[in-house]
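Report on the following structure.
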Amino acid sequence: MRTVAALLAGLAFSSPALAGGLGVLGTFGIHNEAVYYYDSSNDFAQWKMTQTIPNYGAGFELILGDRDDRILGTLRGYWVQDAPQRSPEDIQSNVAAQNVVSEFRDTPTNVGMASVGLQWGIVGSPDLFQLNAVGGVGSGFLTNDHTEFLFIEGGIGAHYQFARSMQAFGNVMYSARWRKGYEHGPIAYAGVRYLFD
């Protein structure tokens, strides 16, 4: 009982920790997607095609930690739009075009994304210019066609603190998605952060 009372008193009378920041970001990348099609002249034999799909988006970032720390936490919430898939009839050569039967996504799809991650300073000063190792895990949790997925990302980044409370950053990462299979490709993030510690 004393432990609980001491914990509550400590929480009630301690000063708030104000370290972190808020940011805006933009993203652009590519990933592969599997598209299936069938040969109507061969008992509808199935074929698989891998297509490279561009994506882009924008959103917000919450920074967790002191600006002088080499390790910072990131919490990102953003929107991404994946470009349409292309018709297998137009780009494949395994089946005669008149025999291709397929169903593919011919419109862009919008995805609500969220991730948590770390930024780890490797070279440089956290309060000026620094090269970073970056990584994160998250989910494409909000889709209009029920194609939600999990993802993991890792790569390199850099930030430049151009004012006491302002920082520009960029990341280039390898991203892997899982939803009934594995999709992957490079993705880049860039943006500006306001640090309030």
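The values are calculated or read from the model by the stated rules, or taken from the named source; none is laboratory data. Every value quoted in this text rests on a predicted model; they were computed, and no experiment measured them. Reconstructed Cβ throughout: ideal geometry from the backbone, glycine too, with neighbour counts over all protein chains shown. The accessibility values were calculated without ligands, DNA or RNA, using every heavy atom of the protein model including side chains. Shrake-Rupley method; radii C 1.70, N 1.55, O 1.52, S 1.80 Å.
Working only within region 23-74, note down all residues that are assigned to a loop (DSSP other than H, G, I, E, B), within 30 Å of Gln161 (Cα to Cα) and acidic (Asp, Glu). Answer for region 23-74, where residues must be assigned to a loop (DSSP other than H, G, I, E, B), within 30 Å of Gln161 (Cα to Cα) and acidic (Asp, Glu): Asp66, Asp68, Asp69. Hey, any hits in region 123-139 for a residue that's in contact (Cβ under 8 Å) with a residue 40 or more places away in the chain and surrounded by fewer than 17 Cβ atoms within 10 Å (Cβ to Cβ)? Yes: one or more hits. Examine region 167-178 for a residue that is of a type in the set (Lys, Arg), touching a residue at least 24 places away in the same chain (Cβ under 8 Å), within 20 Å of Tyr56 (Cβ to Cβ) and part of a loop (DSSP other than H, G, I, E, B), and state whether such a residue exists. Checking region 167-178: not a single residue is of a type in the set (Lys, Arg), touching a residue at least 24 places away in the same chain (Cβ under 8 Å), within 20 Å of Tyr56 (Cβ to Cβ) and part of a loop (DSSP other than H, G, I, E, B). Inspect region 85-95 for any residue being hydrophobic (A, V, I, L, M, F, W, C), touching a strand residue (DSSP E or B) at 6+ places or on another chain (Cβ under 7 Å), modelled with pLDDT under 90 and more than 28 Å from Leu131 (Cβ to Cβ) and give the result as yes or no. Yes, some residue in region 85-95 is hydrophobic (A, V, I, L, M, F, W, C), touching a strand residue (DSSP E or B) at 6+ places or on another chain (Cβ under 7 Å), modelled with pLDDT under 90 and more than 28 Å from Leu131 (Cβ to Cβ).
Do you know which of the residues in region 38-79 that are over 27 Å from Thr143 (Cβ atoms) and acidic (Asp, Glu) is least open to solvent (accessible area, probe 1.4 Å)? Applying the filter and picking the extreme gives Asp39. The set of residues in region 156-191 being open to solvent by 20 Å² or more (accessible area, probe 1.4 Å) and touching a Lys or Arg at 6+ places or on another chain (Cβ under 6 Å) consists of Glu183 alone. The residues on offer are Gly29, Gly21, and the sole one that is within 31 Å of the chain's Cα centre (by Cα), over 24 Å from Phe149 (Cα atoms), modelled with pLDDT of 90 or more and buried (at least 19 other Cβ atoms within 10 Å of the Cβ) is Gly21.
Quickly run through region 179-194 and pick out the residues that are part of a strand (DSSP E or B) and out of contact with any Asp or Glu (no Cβ under 9 Å at 6 or more places or on another chain). Correct list: Tyr182, His184, Gly185, Pro186, Ala188, Ala190, Val192, Tyr194. Quick check, is Ala97 over 14 Å from Gly77 (Cα atoms) and free of Cβ contacts under 8 Å to residues at least 24 places away in the same chain? So Ala97 passes the test. Taking the conditions exactly as written (open to solvent by less than 20 Å² (accessible area, probe 1.4 Å) and assigned to a loop (DSSP other than H, G, I, E, B)), does Val95 satisfy them or not? Taking the combined requirement at face value, the residue satisfies it.
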